[in-house]
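Encoded as C-alpha cells, the structure appears first; notes follow it.
The values are calculated or read from the model by the stated rules, or taken from the named source; none is laboratory data. Quick caveat, the model's predicted, so the values are computed rather than measured. Positions of Cβ are backbone-derived with ideal geometry, glycine not excepted, and every protein chain shown enters the neighbour counts.
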Amino acid sequence: MILTINISNTSVTLCAWDQRKLRFSASLRADGGRSADEYAVQLYAVLSLHRADPGEIEGVILSCVVPSLLSTVKRAVSILYPGRIYIVGPGLKTGVPIRMNDPAETGSEIVCAAAAAKQEFGAPCLVICMDTAISITLLNSDGALMGGAVAPGVRLGVEALSSRTAHLTEIDLEAPVPSVVGTTSYASMQSGVILGTAAMLEGMIERFEEVAGTKLTCVATGELAPSVLRHCRRSIAYRRELVHSGLLLIWQKNAKPVSAAL
C-alpha cells in the first residue's frame, strides 16, 4: 500500500493505493496547532476506518504548500511508517520540466496535477486546480510547465463577500444555480460566484489558447470544481484525485526498487 498525502492551506488529504488502484481517500482539516502525535492519531484512525494497517504501508510521498505544517505531518507519518518519506520538491524526478523564471515558486500540488494530466491527456494542456486559490497552468507541446494564472478561490470569494458586506451571507456552493439573473440576494450571489467563475474559466482558456496557438485539452480538480464545471460551455475534464495520481506517478519514478514490483 502506497500513501500519497497532499497538504494544502485548508486540508490534509490522503489516498491509499494498491497495485496502482485507489483503495480509499480521506481528508483531515489542516491545523497548525496540532502536534505530530495528534496527526499520527488521526492518520491511524483513518487507516483503521478503512480496515488498513500501518504495517501494510510500503511507501509514502508528501506534497505540501504550507511549510509550517510539513515537518509536523512528516513526523506524524514517521510514527506509523519507519521508511523513507518522499517530499515533492528539488531532487525528485517529476517528469514535468518547469520553464518558469523561478521553478522553486511553483506549488508542489500544481506539479503533481500537471504530472498526472500529462500522463493521461498528453500535451499541450491546461491544468486547473480549484482549492483555496484557482490556478490555471499551461503545459506546452513538449509537456513542460510554462506558467499560468492564479485567482482567488470560490470559497474564499464567498467568505470575503459575506464578511465585508452588511446584507450578503454565506451560500451553498453546491446547490443548483437557478438563473444568471438572480431574483434574490442569495440567487444573485450564486450567479455571480458560480456562473462568474465558469465564465472566467472560459475566458481564460481562450486567452491561453491564443498564447499557445492551438486548442488545449483542459482538466480540472478540486472539491468545488464540479459545481462550476457543469456551467462551463467549454469541455473540461474533471479528475477528483488528480494531485494524488500525480503523487503516485512521482513516487513510482523515484522509488524504483519498490515500484518495479508493483
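Selection of first residues in the range 215-234 that are farther than 20 Å from GLN119 by Cβ and of second residues that are small (Gly, Ala, Ser) and in a helix (DSSP H, G or I), restricted to Cβ pairs under 7 Å at least 6 apart or on distinct chains, gives the following pairs, ordered by first then second residue: VAL228/ALA198; HIS231/ALA198; CYS232/ALA198. Among residues of the range 23-35 being out of contact with any strand residue (DSSP E or B) (no Cβ under 7 Å at 6 or more places or on another chain) and either of a type in the set (Ser, Thr, Tyr) or buried (at least 16 other Cβ atoms within 10 Å of the Cβ) (or both), the one that is farthest from THR72 (Cα to Cα) is ARG34. Every condition in (1) assigned by TED's automatic domain parsing to the domain that holds GLY32; (2) closer than 27 Å to LEU216 by Cβ; (3) among the hydroxyl-bearing types (Ser, Thr, Tyr) holds for SER78 except the one numbered (2). Can you tell me which residue within the range 76-125, out of those that are among the charged types (D, E, K, R) and either touching a Leu at 6+ places or on another chain (Cβ under 6 Å) or assigned to a helix (DSSP H, G or I) (or both), is farthest from SER245 (Cα to Cα)? The qualifying residue farthest from SER245 (Cα to Cα) is GLU105.
Here ALA198, ALA212 are screened, and the one residue that is within 16 Å of ASP131 (Cα to Cα), buried (at least 17 other Cβ atoms within 10 Å of the Cβ) and outside the structural domain of ALA26 (by TED's automatic domain parsing) is ALA198. Of everything in the range 1-59 that is charged (D, E, K, R) and either part of a strand (DSSP E or B) or within 19 Å of LEU249 (Cα to Cα) (or both), the residue that is modelled with the lowest pLDDT is ARG20.
When the range 162-190 is filtered for residues that are more than 17 Å from LEU229 (Cβ to Cβ) and aliphatic (A, V, I, L, M), the ones remaining, listed by number, are ALA166, LEU168, ILE171, VAL181, ALA187, MET189.
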